[in-house]
Amino acid sequence: MAEGLLIIGVGNVLMGDDGVGPRLAAALQRNASLLPVGTRVIDGGTLGLSLLAVLDGAGKVLVLDALDTGSPPGTVTLLTGPACEGALGRPLSAHQLAVADLLAAARLTGFDGGVAVLGIQPGDVTPGIGLSPPVTVAFPIAVAAARRAAWSLFDPAPAS
Amino acid sequence: MTRIAIDPVTRIEGHLRIEVEVEGGTVRDAWSSGTMFRGLELILRERDPRDAWVFAQRACGVCTTVHALASVRAVENALGITVPPNARRVRNIMAAVQMVHDHVVHFYHLHALDWVDVVSATTADPARAAALARSTSDWPGTVEQFSSVRDRIKRFVDSGQLGPFANGYWGHPAYILPPEANLLLVAHYLEALDWQRDVVRAHAILGGKNPHPQTYVVGGMALRMAPNAPTGLNTATVAQLGEIAQRARAFVGGVLLPDVELVARSYPEWAQLGRGLGNYLTYGDFPEGDGDDPRPYFPGGRVLNRDLSRVLPVDQAHVSEHVARSWYEGEAARHPFDGETRPRYEGPPPPVESLAASNRYSWLKAPRYDDGAVEVGPLARIAVSYASGHGDVVPAVDALLGRLGVGRDALFSTMGRIAARAVETGLLTDRLVAWVADLAAAVAGDDLRVADSTRWEPQTWPAEAKGWGSVEAPRGSLGHWIVIRDGRIANYQLVVPTTWNGSPRDGAGRRGAWEEALVGTPVADLRRPVEVLRTLHSFDPCMACAVHVHDPSAGAGVEVDVI
């Protein structure tokens with residue numbers, strides 16, 4: 001099985017800041033040359049198990065999502081290590097059920113790679129298109145953090 | 001008298017609150033509440049109608065293609081556009097793949113664990129499981145395979161990372177399958193996970209991009225179609241579709257249908273429970289003809305009072321939505337063309353302990369046909385097709401009922417819904433093979449048109465136009481209604497399957513389909529009401545479809561409050 005990195009942005013673009021995951025994915029895709037070679041970037045929307053097919057061939061997965069950590073809106077959080085999948089199973093992410101179940105289903109069918117979650121604290125998740133001001137301000141920071149996370153996942157010992 | 005609240009109830013996605021009142025071990029009354037407000041109608045207003053489908057397909061996490069299709073059909077209907085036969089063929093295949101995929105995932109990954117005890121499976125004898133498998137189907141399943149699955153599940157369960165197996169009421173006395181049957185079904189749960197990866201490849205071929213299809217367009221499909229086209233529909237990609245369809249048919253026939261029969265045979269009392277409203281509606285879908293002669297494979301119609309000798313017509317003009325018991329302004333029932341979405345929350349402040357005492361108790365509106373509540377979904381489609389004398393449906397249903405030794409009345413039940421979904425999946429995979437062959441012939445033919453763009457430019461549109469588009473989505477009848485004024489969307493309303501089935505009471509106090517079906521359900525253990533989940537899940541609820549998934553205060557699984 002190939003060992004590429006899969007970046008998957010999840011969330012609903014019709015629900016304000018909840019759409020930050022797919023928007024981050026789109027921003028990373030626009031400058032894909034800044035990512036490790038072989039990285040795939042997917043807009044996962046709010047799909048559940050249908051995304052299992054896109055996990056095929058992924059060695060590691062970076063999930064981009066609106067994550068409620070109780071921090072001020074716009075706070076960017078990177079969760080890594082074995083605990084982070086557990087965090088997806090707790091009520092942090094707006095899509096915790098879908099993402100946690102997706103990863104569990106992937107594990108059941110042979111996926112054994114690492115997972116990291118880059119979360120951004122949402123401000124406004126009511127129906128509407130666009131990001132709230134604090135999330136808009138934090139967006140470039142999140143993009144940079146996602147790229148950094150991609151490289152550190154790609155190479156376990158990055159130059160510091 | 002005790003009230004139980006289950007919140008949320010879907011395993012994968014969704015946010016839905018069900019309250020049931022239990023007296024003497026039986027559900028006496030039920031309230032269904034969608035707990036988040038859905039605002040797609042507001043987002044679409046003033047936008048270009050040709051873009052509506054792109055937004056609409058984001059309305060729902062697990063049924064993107066159906067909203068895209070309903071949306072382009074609504075605009076086409078408003079503007080008087082007839083799509084070319086090739087677009088109809090491609091759309092049928094995409095919708096059938098969606099439905100087959102969804103039904104298999106529903107049975108194994110969203111519903112089977114209401115009937116199958118995963119923990120019991122870890123104690124099964126693999127040799128006896130293999131023997132059981134051989135007795136139900138010629139699908140391969142060796143002792144080694146079952147042994148390996150048992151060990152894999154055991155490791156998973158022992159690791160504490162239960163994932164999709166969390167929150168099960170394992171060991172509940174309502175689980176009556178022997179360990180070997182549990183192991184067989186869990187093994188197929190895993191196989192179905194792998195299988196569903198294969199079948200969604202059809203959407204990558206026809207949709208241009210996975211996971212969100214990009215090839216819908218008002219007027220047809222935005223796909224290249226030519227025998228030697230480098231991308232899109234060509235001889236090679238259609239051949240791939242044919243292989244996917246064949247594999248889907250083999251899996252459904254060899255695995256899904258025998259497994260559903262095994263579950264139905266083991267739980268005969270569930271063919272008497274969860275009977276519900278007894279009134280069914282379907283718009284009909286999968287047109288095999290064009291223009292004024294659509295000849296839908298599943299015909300539209302209504303069956304009332306479980307009377308399979310009579311089919312009544314269905315006309316969208318008779319649909320209205322009540323808001324008298326929902327969190328919207330106003331009292332009057334309105335047709336979707338005149339529909340309003342003016343939210344006004346009147347429920348108790350969170351954390352909510354009970355909604356049943358509230359006059360208004362849901363974000364879902366209450367759709368009604370001729371002011372009557374109906375059930376939509378696979379059972380409605382199968383009932384209407386059966387009552388219409390459908391050449392494939394009648395023999396398939398009769399054969400299944402005959403093998404199970406039950407009468408037609410058994411259809412109108414919790415198990416009947418499951419069986420109807422399986423029958424539909426079997427027939428659709430057969431049809432899928434035929435439809436792909438038909439498409440292959442078209443690719444080799446002379447008429448390679450995939451879209452009619454004569455009315456693409458807004459200058460060609462009337463100042464005002466109204467239209468509607470329907471799709472038989474996996475969960476049931478879906479309608480989109482659009483009003484176009486001066487080239488922009490003036491009104492847009494969706495009535496989704498889960499709004500029909502999960503509807504709250506209407507102005508006259510009549511229950512919705514889930515509410516009605518839950519009445520009479522036995523509940524052996526108030527703290528573990530698996531029986532309630534069985535009936536509810538038999539409808540394949542999709543709250544992501546009717547309301548958006550977001551509630552930071554909700555737990556990660558099913559929570560039962562005895563209140």
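Using 1/(1 + (r/R0)^6) with R0 = 51 angstrom and r between the beta carbons of B:ARG403 and B:ALA236, what's the FRET efficiency to the nearest 0.05?
0.80
Please give, to one decimal in nm, the separation of the simple spin-label points placed at B:ASP486 and B:SER358, each 7 Å out from Cα toward the Cβ.
3.8 nm
Net charge around B:GLU243, counting only other residues with Cβ within less than 12 Å of its Cβ (Lys, Arg = +1; Asp, Glu = -1)?
+2
Identify the residues of region B:101-119 with backbone N under 14 Å of a label point that sits 7 angstrom from the Cα of B:ASP198 along the Cα-to-Cβ direction, or state none.
Hits in region B:101-119 for B:ASP198 at 14 Å: B:101.
Taking the Cβ of B:GLY300 as the centre, find all other residues whose Cβ is under 10 Å away and add up their charges (Lys, Arg: +1; Asp, Glu: -1).
Numbers: positive: B:ARG302, B:ARG381; negative: B:ASP285, B:ASP315, B:GLU472.
In short, -1.
Using a basic spin-label model with each label point 7 Å from the Cα along Cα→Cβ, how many nm lie between A:ALA144 and B:THR26?
The answer from the label model is 6.7 nm.
Where the centre of each part is set by its Cα atoms, how far does region B:275-321 sit from region B:435-503, in angstrom?
Answer, in whole Å: 18.
Once you keep just the Cα pairs under 8 angstrom separated by 6 or more residues, what percentage relative contact order results for chain B?
28 percent
Determine the calculated [θ] at 222 nm for chain B from helices alone, applying -39500 (n - 2.57) to every DSSP H run no shorter than 4 residues and normalising by the residue count; nearest 500 deg cm²/dmol.
Result for chain B: -11500 deg cm²/dmol, rounded to the nearest 500.
Let me confirm one metric for peptide A:118-130, namely the mean number of other chain beta-carbon atoms within 10 Å of its residues' beta-carbons. Kindly include the intermediate steps, with their values, before the conclusion.
Numbers: counts 0, 0, 0, 0, 2, 0, 0, 4, 6, 11, 3, 4, 0.
The mean count of partner-chain Cβ atoms within 10 Å per residue comes to 2.
How large is ³J(HN,Hα) for each residue in region B:88-95, as worked out from phi by the Karplus curve 6.51 cos²θ - 1.76 cosθ + 1.60 (θ = phi - 60°), to whole Hz, x for Gly and Pro?
Once rounded to whole Hz, the list reads 4, 5, 5, 4, 4, 5, 4, 5.
Which Cα, out of B:LEU262, B:ALA248, B:LEU277, lies furthest along the positive dipole direction of region B:220-335 (beta carbon charges, K/R +1, D/E -1)?
Result: B:LEU262, furthest along the dipole toward the positive end.
Write down the Å³ per residue value for the convex hull defined by the alpha carbon atoms of the protein assembly as shown.
Expressed per residue, the convex hull around the Cα atoms of the protein assembly as shown is 153 Å³.
Per the Cauchy relation, a quarter of the hull surface: what is the mean projected area of the convex hull of the alpha carbons in chain B, in nm²?
24.7 nm²
Averaged over its residues, how many other protein chain Cβ atoms are within 10 Å of peptide B:41-49's Cβ atoms?
That works out to 1 on average.
Taking the Cα centre of region B:126-195 as the origin, how large is its charge dipole in debye, to the nearest 20, when only Lys and Arg (+1) and Asp and Glu (-1) carry charge on their Cβ atoms? Spell out each step's value before the answer.
Details: 6 positive and 7 negative charges, 36 e Å.
With only Lys, Arg, Asp and Glu charged at Cβ, the dipole is about 180 debye.
What's the local net charge at A:ALA146, with K and R +1, D and E -1, over the other residues with C-beta under 15 Å away?
Details: positive: A:ARG23, A:ARG30, A:ARG40, A:LYS60, A:ARG147, A:ARG148; negative: A:ASP43, A:ASP65.
Net local charge, A:ALA146 excluded: +4.
Express in nm, to one decimal, how much length is gained between B:VAL54 and B:ARG334 on full extension, taking 0.36 nm for each residue of separation and deducting their alpha carbon distance.
Contour length minus Cα-Cα distance gives 98.2 nm.
Would you calculate the separation in nanometres between label points at B:VAL143 and B:ARG295, each defined as 7 Å from the Cα along the Cα-to-beta-carbon direction?
5.3 nm
Give me the number: length gained by fully extending B:ALA131 to B:ASP370, i.e. 0.36 nm times residue separation minus the C-alpha to C-alpha distance, one decimal in nm.
Result: 80.8 nm gained on full extension.
Take region A:4-154, drop everything but the C-alpha atoms, weight them equally and run the Debye formula without solvent; then report log10 I(q)/I(0) at 0.09, 0.15, 0.16, 0.20 Å⁻¹ to two decimals.
One equal scatterer on each Cα of region A:4-154 leads to -0.23, -0.67, -0.77, -1.24.
Every read-out reported here was derived from the displayed coordinates using simple, explicitly stated rules and does not represent laboratory data. Given the structure is predicted, the values throughout are model-derived calculations rather than measurements. Cβ sites come from the backbone with ideal geometry, for glycine too, and all protein chains shown count toward neighbours.
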